[in-house]
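The values are calculated or read from the model by the stated rules, or taken from the named source; none is laboratory data. Given the structure is predicted, the values throughout are model-derived calculations rather than measurements. All Cβ positions, glycine included, derive from the backbone under ideal geometry; neighbour counts span all protein chains shown. Just the protein is used for accessible areas: all its heavy atoms, side chains included, with ligands, DNA and RNA removed. Shrake-Rupley method; radii C 1.70, N 1.55, O 1.52, S 1.80 Å.
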Amino acid sequence: LYRLTSFHVPSLLPSVNKYIIIKMIFHKFGKVFKSKKFELRLYDDRRKNINLGDTIIFHNLNNLDDTISVNVLALLRYPSFADLFADIDYRLCGPANSLEEKLERVHTFYTTEQEKKFGILAIKIQLL
């Protein structure tokens, strides 16, 4: 399960545009990110500040020393998860055995009302 908090930290290195910190609880934290190519979020005010070239640092809330850093390669907006998965293979967006399971899983994090209000952001990522 995810528990999400995010905030921005001023750039610490001149070669990095911006660091974005996301804290989450996730079983098999590292294993998921090794196969994941897209991070999915609502396109709300917090995500509107993400830009190409930003570095996102994910912290495992079960162990804050457990981090994974990714580079933002692309930002793709969709009106819904169904539209997103018509364009992007669900298997590139984290674990799931079927498209139906993936849709059920994302709707445990985000309601259909939130989905309609904000739309969806698919963040194409590359491990650093």
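Details
- Rolling a 1.4 Å probe over the protein chains gives Arg91 an accessible area of about 140 Å².
- Amide hydrogen proximity for Asp54: with H placed 1.01 Å from N in the peptide plane, the residues at 5 or more positions away or on another chain lying under 5 Å are Val72.
- Highest-first packing order for the peptide set 36-42, 49-55 is 36-42, 49-55, based on the mean count of other beta carbon atoms within 10 Å.
- Under a 5 Å amide H cut-off, with hydrogens placed 1.01 Å from N, Asp66 pairs with Asn60 among residues at least 5 apart or on other chains.
- Theoretical gain in end-to-end length, Arg46 to Thr67 [0.36 nm per residue, Cα-Cα removed]: 5.5 nm
- Note on exposure: His59, His107 ranked by accessible area (1.4 Å probe, complete protein assembly) read His107, His59, with the most exposed listed first.
- Residue by residue, the stretch 48-62 carries 3J(HN,Hα) couplings of 5, 8, 7, 10, 4, x, 5, 9, 9, 10, 8, 10, 7, 5, 6 Hz when phi is fed to the Karplus relation 6.51 cos²θ - 1.76 cosθ + 1.60 (θ = phi - 60°); x denotes Gly or Pro.
- Scanning residues 5 or more positions from Gly94 or on other chains, those with amide H under 5 Å from its amide H are Lys37, Phe38, with H placed 1.01 Å from N in the peptide plane.
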